[in-house]
Structures are given as structure tokens and as C-alpha cells.
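Here the structure is laid out as C-alpha cells; the discussion comes afterwards.
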Amino acid sequence: MTENKEFKSMNRRDFLKVGGMSTVALSLGTTGLLSVGNATTSQAKGNPTSGFRGYGDLVPDPNGILDLPRGFHYKIISRQGELMTDGTPIPGAFDGMAAFEGPNNTTILVRNHELKTGPAFGKNPYDANAQGGTSALVVGPNREVVKEYVTSSGTIRNCAGGATPWGTWLTCEETRDNTHGYVFEVDPQQPENDLSKTPIKEMGRFSHEACAIDPSTGYVYLTEDASPSYLYRFIPNDLSQKTGSLQKGGTLYAAAIEAVTDPSASTFKTGQTFKLVWKKVDPHLCREDAKAQNCIEFSRLEGAFFQEGVFWFDDTSAGDKKLGRVYRYVPHTNTLELFYEGNDAQNMEYPDNICCTPWGDLWFVEDGRGQDRIMGITPEGKVYPFAANRLNDSEFAGPIFSPDGNTLFVNIQSPGMTFAIWGPFPRRNSARAREMSYSAPANLAPKLSEKTAKAAEAQGMSVLEAAAFERHGIKLN
């Protein structure tokens, strides 16, 4: 940027007016999280988006099921083997899940069942000899189940998936067996309709894990649970973002990095960024095509979530210590970054399903050895526990918040249990969510002078915004 004396002393509003830049654009222009003197952003006075660092120690559950922080409560709202509304048993192997706003102040949960071959549990299955599928729970404001029913059946190993912006659930098969290995769209308010048993074949036949949709474009990002695994993007022919639009086909791509001879992601370092190239692949031979085109090879991809312009996903057994990694991809800048790598099992051990909280943090559930936990990561890269599963032989799955942000729903896979958890969660915070999208772990933070930090506070901006000014040679004081 060429120096201009007119810009050397300017307030935030004037700069935005002259430069035509938004706060978000400024924030994306920073190099990441900043530290103020010896304090991190979360300690900087006047920054309204940071400061939350977890809930402290977990309190042992006298029932020996779920340890939570002080002030939080849980209720088991559904159990494997109990009866659904029509009197049939609830299938087991609870996994990925989504939450939608329902009528009369209810929440509608759609839940996967990661079952394999066997008699289908539904009445209108895709394959009568496949035991997987999805169910739904209508949960009232008192966190009691009003209704529970099958929404799709006849699929295999419905592991994770993703919610669509238009209120349906994409359930993903984690298999390539026979005529399986697809994504299906499930409408929780139109259970077991023809849509629910129509595979979206152009979205790829592979061992699917999770997916997430960029609401600004309608593009679908998908993870693969295999080793090695690839990251995919599906561009629909119909971008109207309506129920059934994905079934009109589209084009599948796999992520690659140009001019890289070694496609393994194992060499990536925290904070390192890469520009991606998306290589078109045959949806029925996508793994083979991705390998042939030198696409990025991850260890074993798992969860996926889209928030505030960023696609988040994790690699469960990656990193120097094989404890897991969290990545973020920013479609607007076509930039892939390793955001966090587990180097201590106390902080991360085999991350699986992920979600973003209403106040902006990223949460992941573990699928490791011994006691699994629900863990949070702040924009500063601070990791904290939220829950611990005392049933050591079973994993957490499907964490998701209710639309109002007051309840966390999560599953334990086996024996299948769905929990409603509530307590003093922070309020919804879009600014913090945006900060999560462009911040970096604290150990990568450049310094910001105390003088500039005070000037930022006086002008009502975060220190991240102030850094963008300072970086471009613009003084705030």
C-alpha cells in the first residue's frame, strides 16, 4: 500500500468510508489473533467478542453417565430399544444429528443410525436388506419428546451428514458396499417419502462422513472417512437451495494444491495457508480420480460445519502425535488453513463430529481411548472441556444446539442415548463467530502496542480491526 499522508491519522468510520472496506474485510486482512502487550485478545479490555475461556472443572455425575460443569443439567430424552410413537423399537447406533425449528416452540431433531446390513426398520426403505437410516424427535420447550418416528431407512452406516439451509438433513453412508455409499436428503416433516430413498449419486459414491453447505453459494463440502481420505466439493446444477434441488445433479470436485509433489497433508503446519485447486472427479470413481490427480491426502476426515463464511472440518488421527487436527477453509479467499493440532491428549484425542456454538466457539466430540469428552476451542486457540462420557466403551456423536441456542443435544452411540443439556450457556454472539473465522491460535499472534489498543478501545473497535489499520500504516492515535 502506497503511503498517503491523508490516511496517517484517521478514525475507523472515515477509513471505511474512503476505502470502501467492511469490518469483515478488514478483519480478514489481519494475520490472525493478536496479543496486546503481554495479554491475549481475550484479556484486552474493551473487546466485546473475546474473553470466554470455558467453564472450569467438570462435576462428577452421581449417576455415572455424564460429567458436566457446575450449573449445567442433562436429561436423557431417548434410548435405544424404547418405543417410538407408533410402538416400534427405537433403532440403535445413534450418530450424527441436526436440529430444526418446529411448530409451537418445538425443536425437531433428525438423528442418524449407523447400522449395517439386516432388515430395514422403516416402512419405505431404499434397500429392504440394509439396517441404517434416520429417525426424528419432536422436542417440546420442556425438553420432553412429543413425538418420535422413522424418517428414512434402508441405508448402510449412516454416520454423519449435514443440515441444509432450507431445513432438511443430508444423511451420509459411510460405505462403498454394493449399491451404497451415497448421500440422501431427508425432510423431517415428510418422513419416509420418495426423496428420502433417492440417492444423490452425483454427490459421489464413497465412504462419506459429513457435509456442510455454504449458504451464500449453495456449494456442498464433503468429508471422507477412509485412509487416505479426500476433501470434496459438489456444485449443484440447481442452486435454488430448495428441497429436492440437489437431486438435479451437479459436478463433484476434490481439493488439491498446485505445484505440490507430495499430496500428504501430514506436512502442514499450524497457521500455514494454501490456495486450493478443485479437480473435477468422476462421482462413481472419485477416490481413484482424486488419487490420480494428486489431490490432498488427509489421514481420516470426520466432522464438518459451516459458520460465518468458513467451512470447518477435522482429521481425527492426523498430526505429529496422531491426536487430530482442525482445519478451516475460506471459500471467499479459496484458502485452506490448519487451525489447530492436538499435541496433548488432555486437550484433544481423536476429534469426530463437530459443531459451532451460538457464541462462536468450535466444539468437537472425541472418539478416543477410554473416556471421551466434548471439547471447545476459542478463537484464541484455547481448549476447554464441557462434558465427559463416563460410559468408557461408547463415543459421543452428533452435538448440535437448538435453534434458540439454549439446549445442546448430543448422542452417546452405544447403548444409544440422546441427551438434552442446558445451563448458563453464553448468549448468541455473531461478532465472536466472525472472529473465529479469521483469528489464529495465540501462539501465532503478532504483537499490538498498548497505545494502539487503547486507541482502538476509544474508537469502539476490536483489536483485530485495529491491527488491520496498523498493518497498512494507518495510525489510530
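The values are calculated or read from the model by the stated rules, or taken from the named source; none is laboratory data. These numbers come from a predicted model, not from an experiment. Positions of Cβ are backbone-derived with ideal geometry, glycine not excepted, and every protein chain shown enters the neighbour counts. Accessible surface areas use protein heavy atoms only, side chains included; no ligands, DNA or RNA. Shrake-Rupley method; radii C 1.70, N 1.55, O 1.52, S 1.80 Å.
Is it the case that some residue within the stretch 197-210 is farther than 27 Å from Ser78 by Cα, assigned to a helix (DSSP H, G or I) and in contact with a Ser or Thr (Cβ under 8 Å, 6 or more places away or on another chain)?
yes
Asn343 fails exactly one of the following numbered conditions: (1) open to solvent by 10 Å² or more (accessible area, probe 1.4 Å); (2) modelled with pLDDT of 95 or more. What is the number of that condition?
(2)
Residues of the stretch 131-163 being hydrophobic (A, V, I, L, M, F, W, C) and touching a Lys or Arg at 6+ places or on another chain (Cβ under 8 Å), which ones?
Going residue by residue through the stretch 131-163, those that are hydrophobic (A, V, I, L, M, F, W, C) are 136-139, 145-146, 150, 156, 159-160, 163.
Ala136, Leu137, Val138, Val150, Ile156 - these are the residues of the stretch 131-163 that are hydrophobic (A, V, I, L, M, F, W, C) and touching a Lys or Arg at 6+ places or on another chain (Cβ under 8 Å).
State all residues of the stretch 283-309 that are buried (at least 19 other Cβ atoms within 10 Å of the Cβ), touching a Pro at 6+ places or on another chain (Cβ under 9 Å) and assigned to a strand (DSSP E or B); if no residue qualifies, say none.
The answer is Phe298, Glu302, Gly303, Phe306.
Has the stretch 291-313 got any residue that is more than 30 Å from Asn406 (Cβ to Cβ) and within 14 Å of the chain's Cα centre (by Cα)?
Step one: of the stretch 291-313, the residues more than 30 Å from Asn406 (Cβ to Cβ) are 291-301.
In the following step, the residues that additionally are within 14 Å of the chain's Cα centre (by Cα) were identified as 301.
The answer is yes, given that some residue of the stretch 291-313 is more than 30 Å from Asn406 (Cβ to Cβ) and within 14 Å of the chain's Cα centre (by Cα).
Just checking, how many residues over the stretch 284-304 are farther than 28 Å from Asp367 by Cβ and of a type outside the set (Asp, Glu)?
5
For the condition in the same structural domain as Ala99 (by the TED database), open to solvent by 20 Å² or more (accessible area, probe 1.4 Å) and closer than 30 Å to Ser78 by Cβ, what is the one hit in Glu337, Glu349, Glu366?
Only one candidate qualifies: Glu349.
Being modelled with pLDDT of 95 or more and either open to solvent by 30 Å² or more (accessible area, probe 1.4 Å) or not assigned by the TED database to the domain that holds Arg143 (or both): is that true of Ala128 here?
yes
Among Phe274, Phe313, which is the only one that is part of a strand (DSSP E or B) and either under 24 Å from Ile200 (Cβ atoms) or open to solvent by 40 Å² or more (accessible area, probe 1.4 Å) (or both)?
That would be Phe313, the only listed residue that is part of a strand (DSSP E or B) and either under 24 Å from Ile200 (Cβ atoms) or open to solvent by 40 Å² or more (accessible area, probe 1.4 Å) (or both).
Could you tell me whether any residue of the stretch 247-254 is open to solvent by 20 Å² or more (accessible area, probe 1.4 Å) and over 25 Å from Arg176 (Cβ atoms)?
Step one: of the stretch 247-254, the residues open to solvent by 20 Å² or more (accessible area, probe 1.4 Å) are 247-248, 251, 253.
Restricting the remaining residues to those that are over 25 Å from Arg176 (Cβ atoms) gives none.
No, the stretch 247-254 has no match at all.
For the stretch 60-118, which residues satisfy the criterion of being under 24 Å from the mean Cα position of the chain (by Cα), outside any strand (DSSP E or B) and either among the aliphatic types (A, V, I, L, M) or not assigned by the TED database to the domain that holds Asn178 (or both)?
Ala93, Leu115
Scanning for something touching a helix residue (DSSP H, G or I) at 6+ places or on another chain (Cβ under 9 Å), open to solvent by 30 Å² or more (accessible area, probe 1.4 Å), farther than 20 Å from Gly271 by Cα and assigned to a loop (DSSP other than H, G, I, E, B), does the stretch 381-393 turn up at least one residue? Spell out the reasoning first.
Here is the first cut: in the stretch 381-393, the ones touching a helix residue (DSSP H, G or I) at 6+ places or on another chain (Cβ under 9 Å) are 381-382.
After this cut, where a residue has to be open to solvent by 30 Å² or more (accessible area, probe 1.4 Å) as well, the list is 382.
Still in the list and also farther than 20 Å from Gly271 by Cα: none.
Looking for residues that are touching a helix residue (DSSP H, G or I) at 6+ places or on another chain (Cβ under 9 Å), open to solvent by 30 Å² or more (accessible area, probe 1.4 Å), farther than 20 Å from Gly271 by Cα and assigned to a loop (DSSP other than H, G, I, E, B), one finds none in the stretch 381-393, hence no.
How many residues are surrounded by 13 or more Cβ atoms within 10 Å (Cβ to Cβ) and either modelled with pLDDT under 95 or within 14 Å of Phe401 (Cβ to Cβ) (or both) when one looks only at the stretch 82-110?
Within the stretch 82-110, residues that are surrounded by 13 or more Cβ atoms within 10 Å (Cβ to Cβ) and either modelled with pLDDT under 95 or within 14 Å of Phe401 (Cβ to Cβ) (or both) number 7.
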